[in-house]
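Take a look at the structure below.
Nothing in this text is a laboratory measurement; each read-out follows from the coordinates by a stated rule. What you see is a predicted model, and the numbers here were worked out from it, not measured in a lab. Every residue, glycine among them, receives a Cβ derived from its backbone with ideal geometry; neighbour counts consider all protein chains shown.
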Amino acid sequence: MNDTAIPTRPNSFANQPDERGHFGQFGGRYVSETLMPLILDLEREYRAAKQDPAFHEQFEDLLEHYVGRPSPLYYAERLTEELRKDAPAGKGAQVWFKRDELNHTGAHKINNCIGQILLAIRMGKTRIIAETGAGQHGVATATVCARFGLPCVIYMGATDVERQQPNVFRMKLLGAEVVPVKAGAATLKDAMNEALRDWVANVHDTFYIIGTAAGPHPYPELVRDFQSAIGREARAQMLDRVGRLPDICVAAIGGGSNAIGLFHPFLDDKDVALLGVEAAGYGLDKEHAASLAGGAPGILHGNKTYLLQDEDGQITEGHSISAGLDYPGIGPEHAWLRDIGRVEYTSATDRDALDAFQLLCRTEGIIPALEPSHAIAAVVKRAMDMDADQIVLANLCGRGDKDIFTVAKALGVDI
Amino acid sequence: MSRFEDTFAKPRPALVCFITAGDGDTAANLDALVEGGADVIELGMPFTDPMADGPAIQLANLRALGAGTRTADVLAIARDFRARHPDIPLVLMGYANPMVRRGADWFAREAKAAGVDGVICVDIPPEEDDSLGTALRAEGLAPIRLATPTSDAKRLPAILDGAGGFLYYVSVAGITGLQQAAQASIDDAVARLKAATDLPVCVGFGVRTPEQAGEIARVADGVVVGSALVDLVAKHGHDAPTHIRELTAALADAVHAARETV
């Protein structure tokens, strides 16, 4: 939240979006007329909050004492050693993790929810809605609603309700109402449609806490700003611990909030490579959720971005073993960063992610969520080709407790 | 004069009817609307993610897509309608992505060639007009804008700038086909909008019965009915035209006579 940490120069990559909320050709405000006045209000309120030291103070205080930030920066020594066994001599970069899975609620999602609920309260809204895929954003939203005493309705695809039962129960324990959405494939995109329908009917009192760096302007910007705590901390911690910046930062991407949170403070560090990892599902030639690799620019859920779609513009269903990555779009800033070439994007399959999941469990005693397991899969490949004195920094954006049933099933284990 | 101008030049209010393209026997359903007395047709372009629509039109979208309806089919339905009905204004209504997929210029050109008069795009507000509006105006198509209960006086000029055809007043903050607005709030809103524009003002969302339509037509230039008609397609399938004609006739009678009974 502290803008002084990011130098904004005329040619900075960190200056986006423009005043209309566009990142190059992407982003924007593609919402129905009913929502437009509210979106404009939100933007005004966010601009005011950004200038308000009291808002920053409250946000930072909650991040420190409620969320548990700063999260540790951790050198994964045994994972590094394991990779070096298969690497050519002198190869095998050091792998470091930003431990956002240690946050309260177990993922990075809470950073954004703290920021947005403070905005909601500032705007005098008395009811909160949210969509959720894996349930991490739903849990984080339910958590901040409990913390601030606001009623909360979470829309969740019926398919996701089935495969993420522990998180559904958590949300209910926290006092949220969980509404299963049966439309479409009954996953994240359908939950988002239903949340938008609720919002348009309740604009007078309801704040929509969007969980990723997507949706109509100013959401991609404000979610990025709240999540940039990840990258700002990591950058400072790296300089403090090893006296230099990493050679490459790696993060998994569904909508892309943890990735943009890690990348944004590094955008103007030209010697730091950035790598986003999409979900390749069963493979890029089969069903997957990699919007950049397999999609085309289009308009959905309030923004223009890369979307999985057919030649008529009908949205196609994504697939990933990770419910959190199972979305046919991506945040508009990623679409822009890809087109201008500042960030490289790759993908990892369900199988790659499962292998990486198990590797991290065994080598580091950390059970990662399936989302960052995609990032770890890419780290494993990339680190092998890098020199041993180079540094890879990956965001461990969530812990895997929620995924143990999915993983057990994929490994053919009955629990 | 354009078809819109001809239609709204008449002293009586207009009945505007919506159905989804590719849902049931669309050509027969459209003919039934015209025979029943509809003055303007809104042809819905099906989309996988109709996030501004209630259950009735959501399901119509799914049925149409499930039946294999493509953008080319929607345009063919429009073209055939125009051949059968040279004078009835025809509006394509839907969401941005299917409209811009092959480029806004392509869409505007094809819609024009099919005999379409105007386009309503739910999720392109005035702020993003250059994504579609510019291309529509270049082809002489009317970009029909929406005003809502949340559109205050400050916002109206932006909504009206570049608008054409008629102004569509969405009478409830919500999704299609569910609750109906209080008549007093509609009266106030229509008076406010008519003071701000020379465009005809049509009112829709939640209008299901001839009684509601007649009440609204006392003040508005047109009344839009959608979900109630779409429900008939869902219920009666290929027998829908008879039922559509019947409901449309009752709606048309109420709307056309609304000013006479004042």
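Laid out as a table, the results:
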| quantity | calculated |
| --- | --- |
| Enclosed volume per residue, in Å³, of the convex hull spanned by Cα atoms of segment A:1-145 | 194 |
| Segment B:100-155 and segment A:142-214: distance between their alpha carbon centers, rounded to Å | 32 |
| Free-standing Cys residues across chain A, given no other cysteine C-beta under 4.7 angstrom | A:Cys113, A:Cys249, A:Cys361, A:Cys397 |
| Extended-chain gain in nm, criterion 0.36 nm per residue less alpha-carbon gap, B:Glu5 and B:Asp130 | 42.5 nm |
| Segment B:206-262 versus segment A:61-117: alpha-carbon centroid distance in Å | 60 |
| Hull shadow area, averaged, segment B:3-256 [alpha-carbon convex hull, nm²] | 11.5 |
| Exposure proxy ranking, count of Cβ atoms within 10 Å, fewest first, for B:Val170, A:Val380 | A:Val380, B:Val170 |
| Cα Rg, Dmax (largest Cα-Cα span) when computed across segment B:69-172, Å | 13.7, 43 |
| Helix runs (DSSP H) in chain A reaching 24 Å along axis by Cα, Kyte-Doolittle at least -0.5 | none |
| Whole-number D in µm² s⁻¹ for segment B:193-235, Kirkwood Cα-pair radius fed into Stokes-Einstein, 4 °C, 1.567 mPa s | 115 |
| Hydrodynamic radius of segment A:220-284 per Kirkwood, over alpha carbon pairs, in Å | 12.4 |
| Quotient of C-alpha Rg and 2.2 N^0.38 Å, computed over the protein assembly as shown | 1.00 |
| Mean ellipticity per residue at 222 nm, deg cm²/dmol - from DSSP H runs of n ≥ 4 across chain A, formula -39500 (n - 2.57) | -12500 deg cm²/dmol |
| Selected from B:Asp23, B:Asp73, B:Asp231 as most flexible by GNM, with chain B as the system and alpha-carbon contacts under 10 Å | B:Asp73 |
| Average Cα contact separation per residue, segment B:3-256, under 8 Å, 6 or more apart, as relative contact order % | 25 |
| D_trans [Stokes-Einstein, Kirkwood Rh over alpha-carbon pairs] for segment B:1-101, 4 °C, 1.567 mPa s, µm² s⁻¹ | 92 |
